[in-house]
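First comes the structure, then the notes that go with it.
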Amino acid sequence: MNRLPRYADYVEPGEPRWRRWWLALLLLWGAQSGLLLTLWPEGRPRLELWLWGAVLPLSWGLALAVRALVWRIGLMNRDAYRQTIQAAEQRWWRKRARTLPVHQLLLLGPVGDVQAQYRDLMDGAKMPDPELPTSAGVPLLRCQLSRGMPGERVPMLARHLARLALALPERTERWPSLRGLAWVGDAVGEAAFVTALSAGELDLPATRFSLRTLKDLDALIDALPKVCPDETDGLLCAGVVSREQADEGEMPGEAGFLWVVGRKGTLRLHRGEYLLPEKGETASELCAQMQGYAGLNQAPEDCLALDAVSQAAFVEGGWTVGQHQLAEYWGALGELAPFVGMSLAALQAEQSGEPCGWLGKDDAGRLAMGVVVSHGG
């Protein structure tokens, strides 16, 4: 995960030991006075004696004043340093708390393309039936609308996702002026998606972003103000995947998603993070950091997991999914899994009005998590 930068603390300035200073002054002044009285010549004015006797305490007072001044300057430097560190940490939290605002979203998966079905997944919708093609040795989860259809599945899914996007209600009024496309998946699916949009008289600008990892999503969130300078500007984020293989105990799945992203969407996708145990990270600290991004005092009540591994990994951090373990609905989705998780969490947050967390793993097996917050509207 992205850790809060650690800065060395300022060396605490040592406070003068006042008692030692005063005891030393009394001892030295007494010794000086005794020596002067013993060695002072007869007949010399006593006033001169007292003037000589005042040299030591005056010099001592000056030295003590310099020592106290150095101490006070050290204290001011310490406070200024700590304020600078605090300001840097606040800037880091503000940056990490930035979100991706979403106006509209679509999902395509084994249960079909009716969006109401995906809002029901958290409540236990009907399970999709696996498919067992003759060319495959394992059952596969496939989109019900294209099961058994010949041809490459990724371009087929991409074209269908584009048709769903073009059919969105109030598309002309609600979609912002699009400035480009952020795509998850291979170039074949992207080309099929863009071509299908063009056939529907929606030509996207040439600006493209790759969304393969959560780091890419971070970059997109940071770049959004520059890419979309006006409030009416926006981006399309989309992707499709169709897996033929999966890890042992998992079923290969396929899915597609689409987000219409603008400057002021009511759904806010917070940055996701990976859990990296090999670097000494724990699920508890990662969960706490994600809650900090969203300004939550505790784990979100609503939470979903796209696989059993991620569900078990984050229990110690208080993020429990209950019955919302959705592997049987989706199967293994590889690099698309975190984005499908965000989409499902966004639908749940939109429906309940409460934050919703998501858990999953990507194509490299890295465990990921995040949270989506609805701001109403």
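Any read-out appearing in this document is the output of simple, stated calculations on the displayed coordinates, not a laboratory observation. Everything quoted here is computed from the prediction, not taken from an experiment. Methodologically, a virtual Cβ is constructed for each residue, glycine included, from the backbone with ideal geometry; neighbour enumeration extends over all protein chains shown.
Observations, loosely collected:
- Amide H contacts for LEU359 (H built 1.01 Å from N in the peptide plane; partners 5 or more residues away or on another chain; cut-off under 5 Å): LEU304, ALA305, LEU306.
- For GLY112, nonlocal amide neighbours, meaning residues 5 or more places apart or on other chains whose placed amide H falls under 5 Å from its own, are GLN144.
- Note that the stretch 157-263 shows a convex hull volume over its alpha carbon atoms of 108 Å³ per residue.
- Note, ³J(HN,Hα) from phi for the stretch 165-170, Karplus 6.51, -1.76, 1.60, rounded to Hz, x at Gly and Pro: 5, 5, 8, 4, x, 6
- Using alpha-carbon coordinates, inclination of helix 214-227 to the longest axis of the chain, degrees: 80 degrees
- Applied to the stretch 325-335, the Karplus parametrisation 6.51 cos²θ - 1.76 cosθ + 1.60 on θ = phi - 60° returns per-residue 3J(HN,Hα) values of 9, 9, 4, 6, 8, 10, x, 7, 10, x, 5 Hz, with x for Gly and Pro.
- 0 to 90° range, to nearest 10: angle between helix 187-199 axis and the chain longest Cα axis: 70 degrees
- Positive minus negative residues near ARG78 (Lys, Arg vs Asp, Glu; Cβ under 10 Å): -2
- Across the stretch 158-213 the C-alpha pair distances fall into 5 Å bins from zero in the proportions 4, 18, 27, 30, 15, 5, 1 percent.
- Mean shadow area of the stretch 66-199 over all directions, Cα convex hull, nm²: 16.4 nm²
- In terms of the mean number of neighbouring beta-carbon atoms within 10 Å, the peptides 111-118, 5-12, 172-179 order highest first as 111-118, 172-179, 5-12.
- Peptides 223-234, 99-110 ordered by packing proxy, namely the average of other Cβ atoms within 10 Å per residue, highest first: 99-110, 223-234.
- Relative frequency of Cα-Cα separations exceeding 35 Å in the chain, percent: 41 percent
- Fully extended contour minus Cα-Cα distance, from SER284 to ASP129, at 0.36 nm per residue: 52.2 nm
- Pairs spanning more than 27 Å between alpha-carbon atoms, out of LYS126/LYS215; LYS264/LYS361; LYS95/LYS226: LYS126/LYS215; LYS264/LYS361.
- Two-site label geometry, LEU4 and GLU328: point separation in nm, points 7 Å out along Cα→Cβ: 4.1 nm
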